[in-house]
Structures are given as C-alpha cells and as structure tokens.
Amino acid sequence: MIAILTNPQRFMALSAWAAPTLGAIAAVLGLTGLWFDFIAPPDYQQGYTVHLMFIHVPAAWLSLFVYVCLGAASFIGLVFRAPIADAAARAAAPLGAGFTFLALATGSLWGRPMWGTWWVWDARLTSVLVLFLFYLGYLALQSAIDDEAKASRACAILALVGLINLPIVHFSVVWWNTLHQGASVFRAGGPAMPPAYLVPLLTLALAYTAAFGSLWLVRIRAEVWRRRANVLALRAAG
Amino acid sequence: MLDFDAGKYAPYVWPAYALTAVIFTGLIADSLARARRWKRAVAAREQPAQEAPPN
C-alpha cells in the first residue's frame, strides 16, 4: 500500500486496469440498482417519493466517505510527503463536492412534498451544507495559491480541520432534535426497511462507491500526468 | 415489471434523477477529459526529447 502511494509508476500500472474495472462494476451495479428501484412498490406513507431515497441516501453516504478519503490522503501527503497521496487528495475534492451537492439537492426535492419545505436549518442539513462549503473552500484555496507545494500544504490543513465536521454530520440526528430522520439502515436491531427497499438502496450505494473509486483513480492518473508534463516543460525551458 | 409512474410526486422525483444524471455525466466527462489532456501533454513533451539527436 505504502509502495503504491510513494511510487507513481506502481500506482499507474495498478490503476490502469483498476479504474476501468471499477467503472464496469459501477455500470453493472448501477443498472441493477435502477431495475430494483423501479420494481419497488410505492411506500404506504411516502408514496413514490421512495424513489428519491434510493439516490439521495447513497449520495449522502458518499459525501462523508469521500471526505474521509480526502482527509486520509491529506494526512498521508502532509506527514509522509507521499506524492500519490497529495494527488489523491486533490483528485477527491471535486468528486466529494459533486456527491454532497447531489445529497443536498435530492434531499431538498424530497423535503418539499414530505416536510412541506425545501430547506430547514436543522443540525443534519446545516452540517451537510458546512461539509459542502469545506469541499468548495478546498477547491477555492487550491486555485488561489500559485505555489503548488504551499497550496497542497494549506489545502491539507483545511481538509484535516474539516474532519471535525464528519462526526457532527453523522451524529447530528442523535445529538439534536432534527426534522431529518435518524439512521434507518445501520442501526441497532437491523435496518428499519423491507428488502424491497433495502436491496435497491444498497445496490445503488455500492454502484456510487465503485463509480467514485473509478473516477478517483482516473483523476489521480490525470494529476500524475499533469505533474509529469509540468516537470518536462520546466526541463525543456531550462 | 418496471413501474415508472411517480404519480403526483413526478415534479420532485424526475428532476432529482435528471440532476443525478447530469452531475454523474459531468464528473465522468471532466475526469476522462483531464486524463486524456495530460496524458497527451506528457507524450508531446517526451517526444521531442526522444527525437533530438544525441550530443
């Protein structure tokens, strides 16, 4: 693992087949998940808005998971100066911002018919908005500093500070009285939903995770090539 | 059988799926375009060095 993170050649060799493989897995799981999604009956309370849950919950899970990846890559990049880890942190941020935006937007589209409002400043929604702002802050900081080494250090520190927000997002529905419901899949006593809903939800969650894995690897490869191109350009100029 | 009926919730369900499709398409297209662009840049910058006559 460490060899892959410190040796770009080994990483490029491994990711050359891992990225398309994960992409193919994501496509198969995505189509399977959508099939289960649209054979699921309407919920007795939520009606057809249950379809929103199948795309909202995986996006929300991924918004947290990608940030854990961003934080871990930032830590390894900052402490061990592993070049791939730094590239991995940069590559994760736009993907995390995308998933968090989807979680907020699809949640809002569910909230309007079910809660009667597009948005409330409850602890879950607000902490996810803060998570989205951390992603945007990371991307803004990265583009604001010209010196790449300084930008990477500053962004890594910002990413590590943002880790504090993750338990707040996760436990917000337990610590505070929120309009957003509590955990209904990973909870004591097992999932609080029938297999007709659990299967499409988990299949699409795996599809989202595989899609993230594939896109993350593609973006890290792009970042490795970008750095290599810059080194070659500097060499040619010198 | 597949049931694409969303009843009175269609104005909320379909925009969410459309938005998800747009974001995924955008992320896939941007990621692949970046990889292609920088792979080509490396190839283009490595080529002159290889073609240059030895000193």
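Quick note: the coordinates plus some simple rules give every number you see, no bench work behind them. Keep in mind the model is a prediction, meaning the values are calculated, not measured. Cβ: placed from backbone, ideal geometry, glycine included. Neighbour counts: every protein chain shown.
Full extension from A:Gln46 to A:Ile157: what is 0.36 nm times the residue separation minus their Cα-Cα distance, to one decimal in nm? Walk me through the intermediate numbers first.
Values: separation 111, 0.36 × 111 = 39.96 nm, distance 4.20 nm.
Roughly 35.8 nm would be gained on extension.
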What is the gain in length, in nm to one decimal, between A:Thr117 and A:Ile39 on full extension, counting 0.36 nm per residue of separation less the C-alpha to C-alpha distance? 25.3 nm
Among A:Cys155, A:Cys69, what is the fewest-to-most ranking by other Cβ atoms within 10 Å? A:Cys69, A:Cys155
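Order of A:Ser214, A:Ser15, A:Ser184 from fewest to most other C-beta atoms within 10 Å?
Arranged by neighbour count, lowest to highest, A:Ser214, A:Ser15, A:Ser184 become A:Ser184, A:Ser15, A:Ser214.
Within a 10 angstrom radius of each residue's Cβ in B:21-34, how many Cβ atoms of other chains show up on average? Whole number is fine. Write out the running numbers ahead of the final one.
Numbers: counts 1, 1, 8, 8, 0, 2, 10, 6, 0, 7, 13, 5, 1, 9.
Mean inter-chain Cβ contacts per residue within 10 Å come to 5.
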Taking Lys and Arg as +1 and Asp and Glu as -1, residues besides A:His51 with C-beta under 11 Å from its C-beta add up to -4
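Could you work out how much longer the chain between A:Phe80 and A:Val68 gets when fully extended? Use 0.36 nm per residue separation minus the Cα distance between them, nm to one decimal.
In short, 2.6 nm is gained.
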With Cβ to Cβ distances under 15 Å as the rule, what net charge do the other residues near A:Trp17 carry (K, R +1; D, E -1)? +2
Which FRET efficiency value, to the nearest 0.05, is calculated for A:Leu31 and B:Ala33 with the Förster distance at 22 angstrom and r the Cβ-Cβ distance? 0.35
Percent relative contact order for the stretch A:18-237, counting Cα pairs under 8 Å at least six residues apart, stands at 36 percent
Using the basic label-point model (7 angstrom from Cα toward the beta carbon), what is the A:Ala237 to A:Arg10 distance in nanometres? 3.3 nm
What is the average number of partner chain Cβ atoms found within 10 Å of a Cβ in A:190-203? 0
